[in-house]
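The structure appears below as structure tokens.
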Amino acid sequence: MGATLIVDEAHSLGTRGKKGRGVCEDAGVENEVDFIVGTFSKSLGAIGGFAVSDLPDFDLLRITCRPYMFTASLPPAVVGSVTAALSRISTDESLGARVRFNSIRLYRALKLAGFEVGPEPNAIVALKMTDKETAVRFWNRLIDRGVYANLALPPATPGSLSLIRCSISAAHTEAQIDRALSAMVAVGRELGILDPDPRTSDQPAERLRA
Ligand SMILES: Cc1ncc(COP(=O)(O)O)c(C=O)c1O
């Protein structure tokens, strides 16, 4: 039909597939996809991104893609850390499983606490906020409590949602996940997002195991 298929593996790189290459590897369809793009900023914990393709004219992207044209190369430290992370991910399947375990632990606990959460998580657990102002307040109060998450606001978000996006790592301990959860529940209560009644919104962490 002349169509070209592009898949964004931003949320699945490092968490899906035997070698952590993402949902296309997991589904065994990498050869049927024209372009795969992704970011180093989520499961790899760095900055930058990639686009790969087998199409013969792919190199044209280097001189026609406007955001790429004048961009400086990534710093050596980033290239080093991304290379090391990719090598670890492709040789240790347990890392992806650990990220998923940690994400699901936080995701289920947040849902149970009464938050509106995004779709099933991979390396990112998204909390839906009612509006931009509440999202900014929530984000700042989390920082005050020693928890850093990413603030994602319209127009950069799908469906104009205001989101708090938690980046989950295989290195997070269960205690750290639970500490982040407690901070989010406390801030959720302060801002009136959650029911202030502890009997309905404060579930002990032991009952929230993934
Ligand atoms: C689906 C998707 N694609 C691409 C990106 C780009 O990530 P970055 O700008 O951090 O490289 C993001 C970031 O949130 C994303 O969610």
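The values are calculated or read from the model by the stated rules, or taken from the named source; none is laboratory data. None of the values given here were measured: they were computed from a predicted structure. FYI the Cβ positions are ideal-geometry reconstructions off the backbone, even for glycines, and counts take in every protein chain you see. These accessible areas exclude ligands, DNA and RNA; they are computed on the full protein's heavy atoms, side chains included. Shrake-Rupley method; radii C 1.70, N 1.55, O 1.52, S 1.80 Å.
The mean sequence separation of alpha-carbon pairs under 8 Å and at least six residues apart, normalised by the residue count of the stretch 1-60, gives a relative contact order of 28 percent.
Extension gain for Ser182 to Glu116 (0.36 nm times residue separation, less C-alpha to C-alpha distance): 22.2 nm.
If you take all other residues with their beta carbon under 14 Å from the beta carbon of Gly20, and give Lys and Arg +1 and Asp and Glu -1, the sum is +2. Stokes-Einstein diffusion for the chain at 10 °C, viscosity 1.306 mPa s, with a Kirkwood radius from C-alpha pairs, works out to 84 µm²/s. A cut-off of 5 Å between modelled amide H atoms, ignoring neighbours fewer than 5 places along the same chain, links Ser162 with Met129. With a cut-off of 11 Å between beta carbons, the residues surrounding Thr39 carry a summed charge of -1, where Lys and Arg count +1 and Asp and Glu -1. What does the C-alpha gyration tensor say about the overall shape of the stretch 1-83? Classify as rounded when a/c is under 1.5, otherwise prolate if a/b is larger than b/c, or oblate. Oblate.
Dipole size of the stretch 1-88 about its Cα centre, with +1 on Lys/Arg Cβ and -1 on Asp/Glu Cβ: approximately 460 debye, rounded to the nearest 20.
A 1.4 Å probe run over the chain, with the rest of the protein chains in place, finds 59 Å² accessible per residue. If you take every residue apart from Glu9 with its C-beta less than 14 Å away from the C-beta of Glu9, what net charge results, scoring Lys and Arg +1 and Asp and Glu -1? The answer is -1.
The calculated FRET efficiency for Thr91 paired with Arg137, based on their beta-carbon distance and R0 = 45 Å, is about 0.60.
Residue separation of Leu191 and Arg66 scaled by 0.36 nm, minus their Cα-Cα distance, works out to 40.9 nm of gained length. Can you send over the carbon and sulfur percentage of the accessible area for the stretch 99-197, probe radius 1.4 Å, protein chains only? Solvent-exposed carbon and sulfur of the stretch 99-197 make up 52 percent of the total. Extending 7 Å from the Cα toward the beta-carbon at both Phe58 and Asn31 defines two label points whose distance is 1.5 nm.
For the stretch 179-191, the Karplus equation 6.51 cos²θ - 1.76 cosθ + 1.60, evaluated at θ = phi - 60°, returns couplings of 5, 4, 4, 4, 4, 5, 5, 4, 5, x, 5, 4, 8 Hz by residue, with Gly and Pro reported as x. Based on the Cβ-Cβ distance from Arg145 to Ser169, what FRET efficiency comes out when R0 is 22 Å, to the nearest 0.05? The calculated FRET efficiency here is 0.70. For Gly49, nonlocal amide neighbours, meaning residues 5 or more places apart or on other chains whose placed amide H falls under 5 Å from its own, are Phe40.
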